[in-house]
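Engineer: Below: one structure in structure tokens.
The values are calculated or read from the model by the stated rules, or taken from the named source; none is laboratory data. What you see is a predicted model; the values in this text were computed from it and never measured. All Cβ positions, glycine included, derive from the backbone under ideal geometry; neighbour counts span all protein chains shown. We work out accessible area using only protein heavy atoms, side chains counted, and drop any ligands, DNA or RNA first. Shrake-Rupley method; radii C 1.70, N 1.55, O 1.52, S 1.80 Å.
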Amino acid sequence: MRTRGYRLIVLLCFMVYFCLIAPATAAANIPETQLDEINQLWQTSAHALTEVNCSSCHQDPETKQLVVKPTQESCRSCHEYAVDTFLLGKHGIRTLEGLSSLTPAMAHLPMKESAMDLQMSCNTCHDVHSVNTSQAAVDSCLMCHNDTHSLNYKSSPHAQIIDMSGLPRPNQEAVTCATCHLPREKVGSSILVNHNNTYVLKPRDRMVKDVCKNCHGVEHAYNSIFDDQLVESNFAQPPTQKMQTFQLVRDLEKKRSSKAK
Ligand code: HEC
Ligand code: HEC
Ligand code: HEC
Ligand code: HEC
Ligand code: HEC
Ligand code: HEC
């Protein structure tokens with residue numbers, strides 16, 4: 001049954017492809033080899049398996065016109081939370097405001113020389129045709145980011161926890177760049193990725209509550225996150241500083257228990 005349904009979808013896709021996309025892309029001067037490549041990426045993607053095909057993104061739902069280069073709005077009908085959160089963070093806010101997309105050339109943080117003109121969109125981290133999330137979670141970030149903290153990630157204890165290569169998506173034990181900066185949140189009855197890359201940075205300890213606390217004690221997490229050197233090393237070793245608050249709480253408890261005696 002599933003294979004028959006799947007064959008039908010593939011057939012439908014080819015029809016859309018030959019009747020709609022091929023003529024229009026020929027007009028837009030897209031080489032045959034690029035189309036083949038796109039088709040191949042799509043065929044093994046989560047989208048092909050869930051019957052999301054070329055026309056789901058490349059056809060305007062109202063006018064039925066072909067859209068050669070869809071934007072994030074083509075994802076909205078199925079991924080509203082991803083689109084909304086993306087637009088609210090540093091990565092997407094320029095798009096929300098109707099300005100040109102963010103590029104590394106605009107940054108004050110250190111960026112890769114080779115990435116200066118890359119435009120930020122859903123397609124930058126996920127190839128929109130393969131929608132790979134493992135590649136998006138670390139390697140995509142390092143196409144652009146070039147500061148010491150980011151560069152230290154791959155040698156950090158977190159990066160050693162599991163081997164991500166070959167996995168279709170980061171699993172629950174993994175700690176990727178995205179685990180900390182695009183955390184998974186409970187939205188209704190689903191777990192979705194919060195694409196607002198500014199959200200857990202402000203205030204800084206929001207990351208403790210939303211991320212670290214899932215695996216570490218609160219004290220370990222606070223002591224780590226407010227230690228600038230440890231952040232720069234991307235959490236290369238256990239925290240050495242002790243937050244004063246925890247010491248004060250402990251002193252108070254000691255005092256109380258000695259009074260109670
Ligand atoms: C999940 C949505 C989605 C699906 C499914 C999808 N595309 Fe795309 N496609 C996009 C987006 C978004 C872009 C624009 C990428 C960018 O910003 O450059 C794009 C770009 C393209 C381009 C390149 C346009 C250019 O100027 O470089 C071609 C060609 C294309 N798609 C063909 C296809 C074909 C053929 C299929 C089906 C096998 C398909 N797409 C399925 C979203 C999709
Ligand atoms: C017609 C509905 C639909 C549209 C439009 C759509 N998607 Fe999807 N997408 C799905 C479904 C269904 C899944 C599989 C179930 C899930 O993971 O939510 C999925 C999964 C994904 C995944 C996760 C893949 C994985 O391996 O876990 C990503 C990333 C994604 N889509 C990105 C996009 C982007 C980017 C766009 C727009 C360019 C888009 N989608 C447009 C329905 C859609
Ligand atoms: C900065 C890189 C980046 C950008 C830009 C980005 N994503 Fe993602 N996205 C990721 C990563 C990484 C994951 C997987 C994280 C995880 O599972 O821990 C993900 C997961 C997803 C998922 C699957 C989980 C879920 O919440 O359903 C969808 C769907 C998705 N992205 C859609 C989009 C859409 C739509 C856009 C554009 C509005 C977009 N993404 C832009 C990095 C990005
Ligand atoms: C196309 C290049 C590009 C990619 C890919 C990219 N970023 Fe960024 N990111 C930027 C730029 C540009 C800024 C703005 C920096 C500035 O203003 O100095 C930024 C800002 C940030 C910030 C700071 C947010 C703030 O509010 O200060 C974080 C955190 C971040 N990115 C994390 C990530 C992570 C994690 C990934 C991968 C999942 C990623 N980025 C992928 C280009 C990129
Ligand atoms: C264990 C969690 C964790 C991991 C993993 C992690 N980061 Fe960070 N990141 C942080 C914390 C905490 C900060 C400091 C936030 C602050 O200064 O307010 C930070 C800061 C940043 C900033 C600077 C934001 C600014 O405005 O100064 C960028 C960019 C960034 N991280 C990107 C990345 C990238 C790219 C990766 C993966 C290669 C990564 N991070 C991995 C927790 C993490
Ligand atoms: C998915 C679980 C998970 C999350 C989320 C996570 N960590 Fe970790 N972290 C680990 C594991 C497992 C290790 C131990 C690696 C080892 O022993 O080699 C580790 C190691 C560390 C270390 C260094 C070595 C040590 O044992 O103390 C620091 C510091 C650290 N984490 C801080 C953080 C901070 C801060 C956050 C949140 C921003 C965070 N972690 C989020 C699982 C996680």
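Engineer: With a cut-off of 8 Å between alpha carbons and a minimum separation of six or more residues, what is the relative contact order of the chain in percent? Show your work: numbers first, answer last.
Structural biologist: Values: 275 pairs, mean separation 36.3, N = 261.
RCO, the chain: 14 percent.
Engineer: What do you reckon, how do 78, 144, 57 stack up by accessible area (1.4 Å probe), largest on top? Could you put the intermediate results ahead of the total?
Structural biologist: Working: 78 100, 144 20, 57 45 Å².
The ordering from most to least exposed comes out as 78, 57, 144.
Engineer: Continuing with this model, one more query. Accessible area per residue, 1.4 Å probe, Å², for the chain: what's the number?
Structural biologist: About 65 Å² of surface per residue is accessible.
Engineer: Here is a follow-up. Considering the options 151, 225, 193, tell which one lies farthest towards the positive end of the dipole of the chain, charges being +1 on Lys and Arg and -1 on Asp and Glu at the Cβ, about the Cα centre.
Structural biologist: The one lying farthest along the dipole's positive direction is 225.
Engineer: Within the accessible area of the chain, what % is carbon and sulfur when the probe is 1.4 Å and the other protein chains stay in place?
Structural biologist: 58
Engineer: So if I take the alpha carbon set of the chain, get Rg, then get Rh from the Kirkwood formula, what is the Rg over Rh ratio?
Structural biologist: Rg divided by Rh gives 1.07.
Engineer: Right, here's the next one. How tilted is helix 244-260 with respect to the longest principal axis of the chain? Cα atoms for both, answer in degrees (0 to 90, nearest 10).
Structural biologist: With both axes taken from Cα atoms, the answer is about 50 degrees.
Engineer: Using the Cα centre as the reference, give the magnitude of the dipole from point charges on the C-beta atoms of the chain (Lys, Arg: +1; Asp, Glu: -1; all else neutral), rounded to the nearest 20 debye.
Structural biologist: 1360
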